[in-house]
Amino acid sequence: MNKKRKILIVDDSATIIKAIQSFITEDFLYEPFYASSFSDAETLIKQHNFFTAILDLELPDAVSGEMVDYAIAHKINPIVLTGTFNETLRKQILQKPIVDYIVKHSIQDIKEALVIAENLIFFDQKVVLIVDDSKLARIQLRQLFEVLSFYVIEASSGQEALKKLSDLPQVDIITIDYEMPGMDGIELIQQIRKMNHLVQPMIFAISSSASELDKAKFLKNGANDYFIKPAQKEEFNHKLGNYLRIITQRENLIKSQKIVAEYNRALNIGGYVSKTDPNGTITFVSDKFLALTGYERNELIGKNHNVLKHPNTPKDIYKELWHTILNKEIWSGVLKNTKKNGDIFYTRSTIIPILDHEDQITEFVTLRDDVTELITSQEKLQAHYKTDVLTSLGNRIKFLDDFEKIENPFIAFLNVSRFKEINAEFGYRTGDKVLIKVGDILHTFSKPHSISIYRLHSDEFAILINNTSLLDFQNLCVIIHDKISSTPFLIDENTIPIEIKIGIAHGKFDTLLYADMALKEAKTSSENIVLYHEAIKSSQEYKNTTFWKSKIINGIQNDLFIPYYQPIIDNQTGKIFKYEALIRLKDDQSIITPIHFLNVAKKTHYYFELTKLMIRKTFQVFSANDSQFSINFSVNDINNQDVISYFKNQLYEHIGIQKRLTIEILESEGIENFEAMTLFIRQMKELGCKIAIDDFGTGYSNFEYLMKLNVDYIKIDGSLIRSINQNSSHYDIVESIVGFAKKNAIKVIAEFVSNEEIYHAVCKLGIDYSQGFYFAEPTEHLALI
């Protein structure tokens, strides 16, 4: 922003000063300074560089106009604003290089002084050409203009004036004498008006003749006004001010027109732009839009945008679009379109109604971004996000989404029995092949029976169908069970015995819980297939599940879930290295740990709500201090796009917090989609976060997949640490983990360090950090050790 010029206002009347101050707003072009005496004004003039001044003639310490002379001596051309009217004094003052002489008859006179002061800024460095064969006349006019801050050029003839005009880039005002040798003033005006100026100058005719005929000739031939020699300063200043504002408005209009022309040129070259009349008929299309659609200009002009409309676009979108723009509001949205060759493309379109001076729609302008690649990438990502990588079936997220859309669902949960034993005996690669083969068998039933197949996690699958008979669904599950059970699983020259358990439920209310309860019943009974029935409701497990589901819902609705924090200790210094955030549920006067409710939450969408809740609350706490901290993410969290988007948004809202954050990924759930996990870890590390693998030692892949992941920490599972002193095999496992970590520059954290003996063993093994009740239990507030 340009610094304002300074104006000095001097008056010994407090009333006048207050009146002037009341008229000065933030838009005033000057920074004002005030003085009530000559001595005060003298001090200010020595301290500041004033562009102009508004001065009172009579001051307590300068009663004869000394203030005016002092200002002029310091190259300040002042405006005299006085309450004293003395014709002799007025004539004397007007002989000096002042801007104007104003008598304070009314408030309007004070306003006029401020207007004249602002005009000086408009006048500053505007170019004036004075054309007159009389040197004395040129001198008089020069004085009038220069005191107003104009830049003045002179010419003594019409021919000299035309030459100077052809050499100058711009002249704002021209004064022309009527009677000049060789070319009179009227002929000169005619020649000037023929010249190709970007902005035509204002032309003032100057003549000693008061003839109305001469005045009419000048005005008819292109003069803007007519002055009688010698020009009177007050009249001259007033008319100049009026015309200068016209010049300024005209310049601004030309600049605006130029800017609009440049915008139109830029849009035509660089934007996907079209225009229509109020009826929707296309009147303009940009070159880039033609290239995008494949049409020629004559194939679109005069047509409707329906020529581009994709037939699958819902009619409601266009109904809402037209309703919006016909109400003179801007509409924005993504539209699916068809090119001339039939290819599909997507645009993020903004349609703007253009209104005239009567607030009526004259046309619609549509600005677009080509988002085809983005939309198709999102569609691919969405499909990938809802697909189980191992079996290519829908995953748990896809299952839950599809379930919500079905009116009368029938569900079967399938479990591969003793799958952990298969992994332990034959290895996880063989286990993966078993799951793939089960998925392939299930997939063969999907199309002929109109069912959807999903792999929920590890060794559990799901079947979903809408509106069938219970008997038919049960029979289908029997056929599926018998098919899998009778199929020989010969994998890597090993014959793998496969047994399947199935739980069935139907209906909309609590169906997922019922199917899960039926599967658990099948696992604990001799039955291979169990249909949910009311008797299961009486089981303790069912009661436990429904009890905790209600607790979860109530906790979310009433904000009863809170983070607790447990310190992690640096084994070398004995000081707190960071804190781990752990979820807790407030229930009356007690605090409930996640072992009671988390598994129930995982069977519903509420689990992801708990993750987002923990992110938000933990970030709020650690944005207020500079401590290191960690939060837990499950594999399901990482595969949930909504959770990851929320997490990134929270990172952006708490700038810098990511440098102190570690994301702990739960290894016990099994990390199977290495591509997605690697991408997630890379993105998080690019943002500045660190990565830890939690519960290390409980999964079935361990060192092999860890080599593929660029992690910063390993947290050894508590089941290995808590018995490290009594179980030599656990000690050996931990020792091998620590050795592997050190070779790969990964720091190690021991969980469940509950006493001094375990702590000494952990330190002896060279583990970097410890966490456990030996140091501190998790608390609602950050503990100090």
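Is one or more of the residues making up region 82-94 surrounded by 21 or more Cβ atoms within 10 Å (Cβ to Cβ) and touching a residue at least 60 places away in the same chain (Cβ under 8 Å)?
no
Checking Glu42 against (1) assigned to a loop (DSSP other than H, G, I, E, B); (2) touching a residue at least 12 places away in the same chain (Cβ under 8 Å): exactly one of these is not met. Which one?
With (1) assigned to a loop (DSSP other than H, G, I, E, B); (2) touching a residue at least 12 places away in the same chain (Cβ under 8 Å) applied to Glu42, the lone miss is (1).
Kindly evaluate Ile406 against the criterion of being out of contact with any helix residue (DSSP H, G or I) (no Cβ under 6 Å at 6 or more places or on another chain) and open to solvent by less than 70 Å² (accessible area, probe 1.4 Å). Give the steps one after another, and end with the answer.
Numbers: out of contact with any helix residue (DSSP H, G or I) (no Cβ under 6 Å at 6 or more places or on another chain): yes; open to solvent by less than 70 Å² (accessible area, probe 1.4 Å): yes.
Yes, satisfied.
Just give me the residues in region 613-672 being surrounded by fewer than 20 Cβ atoms within 10 Å (Cβ to Cβ) and of a type in the set (Phe, Trp, Tyr), in sequence order.
The answer is Tyr646, Tyr652.
For region 257-306, what are the residues that are open to solvent by 60 Å² or more (accessible area, probe 1.4 Å), aliphatic (A, V, I, L, M) and at pLDDT 90 or above?
Within region 257-306, Ala291, Ile301 qualify.
Take the residues in region 87-113 that are charged (D, E, K, R) and assigned to a helix (DSSP H, G or I), then tell me which one is nearest to Glu235 (Cα to Cα). Let's see the steps before the verdict.
Looking only at region 87-113, we keep the residues that are charged (D, E, K, R), and these are 87, 90-91, 96, 100, 104, 109, 111-112.
After this cut, where a residue has to be assigned to a helix (DSSP H, G or I) as well, the list is 87, 90-91, 109, 111-112.
Working: Glu87: 17, Arg90: 15, Lys91: 15, Asp109: 15, Lys111: 17, Glu112: 13 Å.
Among residues in region 87-113 that are charged (D, E, K, R) and assigned to a helix (DSSP H, G or I), the one nearest to Glu235 (Cα to Cα) is Glu112.
Could you grab me the full set of residues in region 218-231 that are buried (at least 17 other Cβ atoms within 10 Å of the Cβ) and part of a helix (DSSP H, G or I)?
Of everything in region 218-231, just one residue is buried (at least 17 other Cβ atoms within 10 Å of the Cβ) and part of a helix (DSSP H, G or I), namely Phe218.
Take the residues of region 119-136 that are of a type in the set (A, V, I, L, M) and open to solvent by 10 Å² or more (accessible area, probe 1.4 Å): which is nearest to Leu94 (Cα to Cα)? Even if it seems obvious, please write down each step before you answer.
Restricting attention to region 119-136, the residues satisfying the condition of being of a type in the set (A, V, I, L, M) are 120-121, 127-131, 136.
Next cut, open to solvent by 10 Å² or more (accessible area, probe 1.4 Å) only: 121, 127, 136.
Working: Ile121: 21, Val127: 24, Leu136: 18 Å.
For region 119-136, the residue satisfying everything is Leu136.
Which numbered condition in (1) without any contact (Cβ under 8 Å) to a residue 60 or more places away in the chain; (2) of a type in the set (A, V, I, L, M, F, W, C); (3) surrounded by 11 or more Cβ atoms within 10 Å (Cβ to Cβ) is the only one that Ile361 fails?
Failed condition: (1).
A quick yes/no check of all residues on (1) open to solvent by less than 50 Å² (accessible area, probe 1.4 Å); (2) of a type in the set (A, V, I, L, M); (3) out of contact with any strand residue (DSSP E or B) (no Cβ under 9 Å at 6 or more places or on another chain):
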position: Asp516; (1), (2), (3): yes, no, no
position: Glu527; (1), (2), (3): no, no, no
position: Thr573; (1), (2), (3): no, no, yes
position: Thr611; (1), (2), (3): yes, no, no
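For region 388-407, which residues satisfy the criterion of being out of contact with any strand residue (DSSP E or B) (no Cβ under 8 Å at 6 or more places or on another chain), among the aliphatic types (A, V, I, L, M) and over 26 Å from Thr430 (Cα atoms)?
If we filter region 388-407 for residues that are out of contact with any strand residue (DSSP E or B) (no Cβ under 8 Å at 6 or more places or on another chain), which is where we start, we get 389, 392, 397, 400-401, 404-405.
Remaining after also requiring among the aliphatic types (A, V, I, L, M): 389, 397, 400.
If the condition is that a residue be out of contact with any strand residue (DSSP E or B) (no Cβ under 8 Å at 6 or more places or on another chain), among the aliphatic types (A, V, I, L, M) and over 26 Å from Thr430 (Cα atoms), then Leu400 is the only one that fits.
Answer yes or no as to whether Asp559 is within 47 Å of the chain's Cα centre (by Cα), over 30 Å from Tyr713 (Cα atoms) and acidic (Asp, Glu). Spell out how you get there, then give the answer.
Numbers: within 47 Å of the chain's Cα centre (by Cα): yes; over 30 Å from Tyr713 (Cα atoms): yes; acidic (Asp, Glu): yes.
Criteria met by Asp559.
Pick out the one residue from Ser723, Ser719 that is among the polar types (S, T, N, Q), modelled with pLDDT under 90, within 47 Å of the chain's Cα centre (by Cα) and surrounded by 14 or more Cβ atoms within 10 Å (Cβ to Cβ).
Numbers: Ser723 fails: within 47 Å of the chain's Cα centre (by Cα).
Answer to the check: Ser719.
Do we have Ile116 as open to solvent by 10 Å² or more (accessible area, probe 1.4 Å), out of contact with any strand residue (DSSP E or B) (no Cβ under 7 Å at 6 or more places or on another chain) and assigned to a helix (DSSP H, G or I) here? Spell out how you get there, then give the answer.
Values: open to solvent by 10 Å² or more (accessible area, probe 1.4 Å): yes; out of contact with any strand residue (DSSP E or B) (no Cβ under 7 Å at 6 or more places or on another chain): no; assigned to a helix (DSSP H, G or I): yes.
Judged against the criteria, Ile116 is not a match.
If I go through region 419-454 residue by residue, how many of them are over 21 Å from Val478 (Cβ atoms) and either in a strand (DSSP E or B) or not hydrophobic (A, V, I, L, M, F, W, C) (or both)? I'd like the intermediate steps shown before the answer.
Restricting attention to region 419-454, the residues satisfying the condition of being over 21 Å from Val478 (Cβ atoms) are 419-436.
Among the residues that remain, those that are also either in a strand (DSSP E or B) or not hydrophobic (A, V, I, L, M, F, W, C) (or both) are: 420-421, 423, 425, 427-433.
Counting residues in region 419-454 that are over 21 Å from Val478 (Cβ atoms) and either in a strand (DSSP E or B) or not hydrophobic (A, V, I, L, M, F, W, C) (or both) gives 11.
Restricting the search to region 416-463, which residues are surrounded by 19 or more Cβ atoms within 10 Å (Cβ to Cβ) and aliphatic (A, V, I, L, M)?
Val416, Ile422, Val434, Leu435, Val438, Leu442, Ile451, Ile453, Leu456, Ala462, Ile463
Would you confirm, using the coordinates I've provided, whether Lys747 is surrounded by 14 or more Cβ atoms within 10 Å (Cβ to Cβ) and modelled with pLDDT of 85 or more? It would help to see each step written out before you state the result.
Working: surrounded by 14 or more Cβ atoms within 10 Å (Cβ to Cβ): yes; modelled with pLDDT of 85 or more: yes.
It is true that Lys747 is surrounded by 14 or more Cβ atoms within 10 Å (Cβ to Cβ) and modelled with pLDDT of 85 or more.
Can you confirm whether region 486-495 contains a residue that is under 28 Å from Lys543 (Cβ atoms) and aliphatic (A, V, I, L, M)?
Just the residues of region 486-495 that are under 28 Å from Lys543 (Cβ atoms), to begin with: none.
No, that holds for no residue.
What number of residues within region 677-706 are of a type in the set (Gly, Ala, Ser), open to solvent by 10 Å² or more (accessible area, probe 1.4 Å) and at pLDDT 85 or above? Let's see the steps before the verdict.
As a first pass, look at region 677-706 and keep what is of a type in the set (Gly, Ala, Ser): 688, 692, 697, 699, 701.
Cutting the leftovers down to open to solvent by 10 Å² or more (accessible area, probe 1.4 Å) gives us 688, 697, 699, 701.
Those left that are additionally at pLDDT 85 or above: 688.
Of the residues in region 677-706, 1 are of a type in the set (Gly, Ala, Ser), open to solvent by 10 Å² or more (accessible area, probe 1.4 Å) and at pLDDT 85 or above.
Go through region 1-17 and give me each residue that's under 17 Å from Val115 (Cα atoms) and either in a strand (DSSP E or B) or open to solvent by 40 Å² or more (accessible area, probe 1.4 Å) (or both).
Selection gives Lys4, Arg5, Lys6, Ile7, Leu8, Ile9, Val10.
Looking at region 493-514, which of the residues that are of a type in the set (D, E, K, R) and surrounded by 13 or more Cβ atoms within 10 Å (Cβ to Cβ) is nearest to Ile453 (Cα to Cα)? It would help to see each step written out before you state the result.
Start the filter on region 493-514 by keeping residues that are of a type in the set (D, E, K, R), which leaves 493, 499, 501, 508, 510.
Those still in the list that are surrounded by 13 or more Cβ atoms within 10 Å (Cβ to Cβ) too: 499, 501, 510.
Numbers: Glu499: 18, Lys501: 16, Asp510: 20 Å.
The extreme case among them is Lys501.
Report, by residue number, each residue of region 30-57 that is within 19 Å of Ser149 (Cα to Cα) and open to solvent by 60 Å² or more (accessible area, probe 1.4 Å).
Of everything in region 30-57, those that are within 19 Å of Ser149 (Cα to Cα) and open to solvent by 60 Å² or more (accessible area, probe 1.4 Å) turn out to be Glu31, Asn49.
For Ser469, indicate whether it is of a type in the set (Ser, Thr, Tyr), loosely packed, with under 14 Cβ neighbours inside 10 Å and modelled with pLDDT of 90 or more. Talk me through it step by step, then tell me what you get.
Details: of a type in the set (Ser, Thr, Tyr): yes; loosely packed, with under 14 Cβ neighbours inside 10 Å: yes; modelled with pLDDT of 90 or more: yes.
Spelling it out, Ser469 is indeed of a type in the set (Ser, Thr, Tyr), loosely packed, with under 14 Cβ neighbours inside 10 Å and modelled with pLDDT of 90 or more.
Considering only residues that are exposed (fewer than 15 other Cβ atoms within 10 Å of the Cβ) and in a helix (DSSP H, G or I), which ones fall in region 18-29?
If the condition is that a residue be exposed (fewer than 15 other Cβ atoms within 10 Å of the Cβ) and in a helix (DSSP H, G or I), then Lys18, Gln21, Ser22, Phe23 are the ones that fit.
Give the residue that is nearest to Asp370 (Cα to Cα), with candidates limited to residues of region 310-353 that are buried (at least 16 other Cβ atoms within 10 Å of the Cβ) and of a type in the set (D, E, K, R).
The residue in question is Arg348.
State all residues of region 609-647 that are in contact (Cβ under 8 Å) with a residue 60 or more places away in the chain and either assigned to a helix (DSSP H, G or I) or among the aromatic types (Phe, Trp, Tyr) (or both); if no residue qualifies, say none. Quick ask: steps written out before the conclusion?
Residues of region 609-647 that are in contact (Cβ under 8 Å) with a residue 60 or more places away in the chain, as a first pass: 621, 625, 627, 629-630, 632, 636, 639-641.
Listed by number, the residues that qualify are Val621, Phe629, Asn636, Gln641.
The values are calculated or read from the model by the stated rules, or taken from the named source; none is laboratory data. Source: prediction; values computed, not measured. Cβ coordinates were reconstructed from backbone atoms using ideal geometry, including for glycine residues, and neighbour counts include every protein chain displayed. Ligands, DNA and RNA are stripped out before the accessible areas are found, and what is left, the full protein with its side chains, is counted by its heavy atoms. Shrake-Rupley method; radii C 1.70, N 1.55, O 1.52, S 1.80 Å.
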